[in-house]
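The values are calculated or read from the model by the stated rules, or taken from the named source; none is laboratory data. Note that the coordinates shown come from a computational prediction; the quantities given were computed from them, not determined experimentally. All Cβ positions, even for glycine, are placed from backbone atoms using ideal geometry, and neighbour counts span all protein chains on display. Remember, those area values only see protein heavy atoms, side chains included, never the ligands or the DNA or RNA. Shrake-Rupley method; radii C 1.70, N 1.55, O 1.52, S 1.80 Å.
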Amino acid sequence: MNFDVASRYADDTLHIDANKLIQALPFIDYHDGLLHIDGVSSKTLIDTYGTPLYVYSKHALLANYTAYVESFSALNDVQICYAVKANSNLAVLSTLAKAGAGFDIVSVGELHRVIKAGGDVSRVVYSGVGKTAQDIQIALQAGVGCFNVEAISELDVINHVAKMLGKTAPISIRINPDVDAKTHPYISTGMKDNKFGITHQMALSAYEYAKSLENIKIVGIDCHIGSQLTEVQPFVDALDKVIELIEELHDHGIRLQHIDLGGGLGVRYVDENPVSVHDFAEALLPKLLVLQTKYNLGLYLEPGRNIAANAGVLLTTVDVLKPTEHRNFAIVDASMSELIRPALYESVMAIIPTKLNADDADMKVWDVVGTVCESSDFLGKNRALALQVGDVLAITGAGAYGFTMSSNYNSRPRPAEVMVDGGLHRLVRMRESMEDLWRGESV
Ligand code: LLP
């Protein structure tokens with residue numbers, strides 16, 4: 001495969017070779033110059049549902065999930081808990097639930113989505129830094145598999161609620177291993193300045209305290225160091241730190257059933273070279289196999305982006321072309337309200353045409369922007385594209401942290417979502433109506 005996908009020029013122009021980009025996206029193809037998603041032509045999707053439109057490939061979701069199951073199959077006990085925050089559409093959750101996935105949640109809203117989608121609640125891990133007594137009660141009553149505890153005070157609340165309900169709560173403690181994930185600071189979570197987890201130094205006393213609480217059952221140990229990691233070394237470093245603790249805990253008579261290494265494995269948006277799931281597994285398996293033999297520990301993982309990002313695209317129509325002396329603006333019908341990643345993290349996502357041009361002579365350098373009243377409202381800057389009003393563009397990698405981070409800012413109804421499955425397409429979330437914009441409000 002040729003991954004020479006992008007050319008960057010001295011003036012910051014980014015030219016993406018759409019044909020090369022899609023080589024890494026097995027569910028996307030051009031047929032007769034027209035973009036197809038899992039066998040469905042983009043034209044059919046646009047004519048049927050309009051734009052802006054999120055489109056997800058069921059086949060890609062399943063392939064990405066299966067890569068985890070297969071890559072870690074040398075272990076006896078593996079639970080892949082898909083991180084719901086990446087893409088929480090019920091059709092996505094139900095697809096993964098049927099394939100056997102567990103789920104990583106951070107709110108009772110996500111818990112209810114999992115239940116609604118038919119997910120197995122006993123395979124849910126509940127992460128998050130600020131769980132209230134009410135959240136904990138709902139999760140315990142629903143029967144979640146494990147609370148990933150992020151503060152010592154949370155142990156007291158869980159114990160209290162569990163006692164009240166006459167239950168025992170299964171817990172893991174989330175360790176903050178103080179490892180640099182080498183990713184964007186906003187999505188780095190495993191360093192000592194981050195709000196997440198309990199420090200290595202406090203972990204032993206946290207476990208001893210948990211052990212002393214009657215309605216708590218220690219089942220695991222957990223860490224999650226960040227998101228969009230492209231290298232494997234930070235994961236190995238985090239695992240080493242957690243192993244040190246597991247040994248210490250063992251010496252203190254604290255027995256665990258699983259180790260949870262969180263999510264975070266990155267994806268290719270343009271021409272990044274993230275470690276593959278297979279190589280990620282190869283790097284971790286020797287140590288995990290030792291843990292299996294020595295302590296009978298199972299493995300939990302919480303991938304989100306790696307399963308959903310490259311299973312989805314956002315289709316958006318060019319409404320206005322506005323060349324100026326300084327910059328050329330292509331104003332499209334998606335914006336930071338529908339896809340905030342470029343505005344929030346300055347992340348560079350690929351923008352490709354849904355119709356290939358025979359001739360690139362009309363290529364110009366465009367800032368692809370929305371109509372929201374913010375200068376941060378851009379989807380891509382300095383993109384070499386041949387554009388005409390009415391063209392539809394596809395933003396790839398949009399299956400994760402796309403719709404879930406969308407908002408109604410500037411009173412924009414949120415877009416529709418469609419799932420494609422081997423040539424068939426199905427609406428899985430209606431485009432919001434004007435009435436949806438003020439639902440629950442009154443004058
Ligand atoms: N587990 C926990 C405890 C997490 O906090 C996260 C993500 C995950 C798993 C899944 O991480 P993933 O495999 O998706 O990297 N909105 C940002 C990403 C925020 C990630 C937050 N936590 C973005 O669009 O890049």
Report summary line: The alpha-carbon center of the range 275-339 and that of the range 212-243 are separated, in whole Å, by 20
Query raised in the report: Counting only heavy atoms of protein chains, what accessible area per residue, in Å², does the chain have with a probe of 1.4 Å?
Result: 42
Query raised in the report: What is the distance, in nm, between label points placed 7 Å from the Cα along the Cα-to-Cβ direction at GLU346 and at GLU244?
Result: 3.4
Requested in this report: Would you list, by chain and number, the lysines whose Cα falls below 22 Å from the Cα of LYS192, excluding same-chain residues fewer than 8 positions away?
Outcome: LYS131, LYS182, LYS241
Report summary line: Candidate span helices, the chain: DSSP H, at least 18 Å along axis from Cα coords, Kyte-Doolittle average at least -1.0, result 58-71, 152-165, 200-212, 233-251, 277-295
Query raised in the report: Rounded, prolate or oblate: which fits the range 53-131 when a ≥ b ≥ c are the square roots of the eigenvalues of the alpha-carbon gyration tensor, with rounded for a/c under 1.5 and prolate only if a/b beats b/c?
Result: oblate
Query raised in the report: What is the projected area of the convex hull of the Cα atoms of the range 358-413, averaged over all directions, in nm²?
Result: 5.1
**Report entry** Column: log10 I(q)/I(0), Debye, Cα scatterers of the chain, q = 0.06, 0.09, 0.10 Å⁻¹
**Finding:** -0.27, -0.60, -0.73
Query - Under 5 Å, built H, 5+ apart or other chain: amide partners of ILE198 - result: ARG174, ILE175, ASN176
Requested in this report: Give the relative contact order (percent, whole number) for the range 78-133; include only Cα pairs under 8 Å separated by 6+ residues.
Outcome: 39
Query raised in the report: Nearest 20 debye, what's the magnitude of the dipole of the range 289-443 about its Cα centre given +1 on Lys and Arg Cβ and -1 on Asp and Glu Cβ?
Result: 460
Requested in this report: Could you grab the relative contact order for the range 120-250? Cα pairs under 8 Å, six or more apart, rounded to a whole percent.
Outcome: 25
Query - Size of electric dipole in the chain: Cβ of Lys, Arg +1 and of Asp, Glu -1, about Cα centre, debye, nearest 20 - result: 1040
Query - Proportion of all alpha-carbon pairs of the range 160-265 beyond 20 Å (%) - result: 41
**Report entry** Pair ILE115, LEU204: separation of 7 Å Cα→Cβ label points (nm)
**Finding:** 4.1
Query - Accessible area, probe 1.4 Å, largest first, for residues TRP366, TRP438 - result: TRP438, TRP366
Requested in this report: Quick one: of LYS116/LYS217; LYS58/LYS381; LYS211/LYS294, which pairs are farther than 23 Å apart, Cα to Cα?
Outcome: LYS116/LYS217; LYS58/LYS381
Report summary line: At the level of C-alpha centres, the distance separating the range 118-169 and the range 25-101, in angstrom, is 30
Query raised in the report: Any idea what diffusion coefficient the range 1-55 gets from Stokes-Einstein, in µm²/s, Kirkwood Rh on alpha carbon pairs, 37 °C, 0.692 mPa s?
Result: 256
**Report entry** For the range 102-210, alpha-carbon Rg relative to the globular expectation (2.2 N^0.38 Å, N residues)
**Finding:** 1.10
Requested in this report: Would you calculate, for the chain, the mean residue ellipticity at 222 nm contributed by helices, counting each DSSP H stretch of 4 or more residues as -39,500 (n - 2.57) and dividing by all residues, to the nearest 500?
Outcome: -9000 deg cm²/dmol
Report summary line: In a Gaussian network model of the chain with springs linking alpha carbons closer than 10 Å, the residue among VAL84, VAL428, VAL55 that fluctuates most is VAL428
Requested in this report: Quote the relative contact order of the chain in percent (integer), defining contacts as alpha-carbon pairs under 8 Å separated by 6+ residues.
Outcome: 20
Report task. Return the single residue from ASP135, ASP251, ASP240 with maximal mean-square fluctuation; model: Gaussian network over the chain, springs between Cα atoms under 10 Å. Result -> ASP251
